[in-house]
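Chemist: Here it is, the structure in full.
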Amino acid sequence: PRQRRLLAVLAMHAGESVGTSGIIDAVWPEGDLPSDPRETLRTYVSRLRRALGGSDTIAARAGTYTLRVSPDTIDAHRFETCLDDAREEPSAVLLREAMSLWRGPALYGFEHEDWARSYVARLTELRLVAGACSGTSDSSQPRPAFWIQVCVPAAILPKIQPLSFFRIIGSPPSAPKT
């Protein structure tokens, strides 16, 4: 589990330097630190490098570690890239492609841990919005705005507007005349 935590923390920040102290907090969240956590972390990093295929996959520099992979090899990053592309050119096809990257909860097994909670919450909200927008009878257009207002959970609606996710078309249907 600790090796998976290490990989998860580094993958969340692929291509970015992550401080050793933050990694230690994530790898040992219960506070049951080994006698020399930095040395144990170096051992974990060494094992993870071997598992990933080489010493150049994780760089160590000045109290930080960096997972040196293309962010596009990380499903969460690819998901967000698809959403960014859909923001530029609204497309249910892109939204469905983004949704196809999901295999279960984000950071499964760690989703309730302090170090992962905000990252998981953000991805989960994006997933709900993208899922709500992705289906339509016309596969080239996202669902209309009124559909999102009806089907997206109310807690998420305030977050849709600031994100300016999609240039969504459509208007609510007219109320029947009485």
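Chemist: Can you run phi through the Karplus equation (6.51, -1.76, 1.60; θ = phi - 60°) for region 115-124 and list ³J(HN,Hα) in whole Hz, with x for Gly and Pro?
Modeler: 5, 10, 4, 5, 5, 5, 4, 5, 5, 5
Chemist: Which order do you get for 77, 112 if you rank them by accessible area with a 1.4 Å probe, largest at the top?
Modeler: Solvent-accessible surface, decreasing: 112, 77.
Chemist: Largest first and in whole Å, give the semi-axes of region 14-128's equivalent ellipsoid, each being the square root of 5 times a Cα gyration tensor eigenvalue.
Modeler: Ellipsoid half-lengths, sorted descending, are 31, 17, 11 Å.
Chemist: Also: What is the percent carbon and sulfur in the accessible area of region 1-62, measuring with a 1.4 Å probe over the protein chains and ignoring ligands?
Modeler: Carbon and sulfur together cover 48 percent of it.
Chemist: Also, I was wondering about something else. Mind ranking 5, 78, 38 by accessible surface for me, highest first, 1.4 Å probe? Spell out each step's value before the answer.
Modeler: Values: 5 25, 78 90, 38 115 Å².
Largest accessible area first, the residues go 38, 78, 5.
Chemist: If you don't mind, another one. So what does residue 28 come to for accessible area, using a 1.4 Å probe and Å² rounded to 10?
Modeler: 10
The values are calculated or read from the model by the stated rules, or taken from the named source; none is laboratory data. These numbers come from a predicted model, not from an experiment. Please note that ligands, DNA and RNA were not included when accessible areas were found on the heavy atoms of the full protein model with its side chains. Shrake-Rupley method; radii C 1.70, N 1.55, O 1.52, S 1.80 Å.
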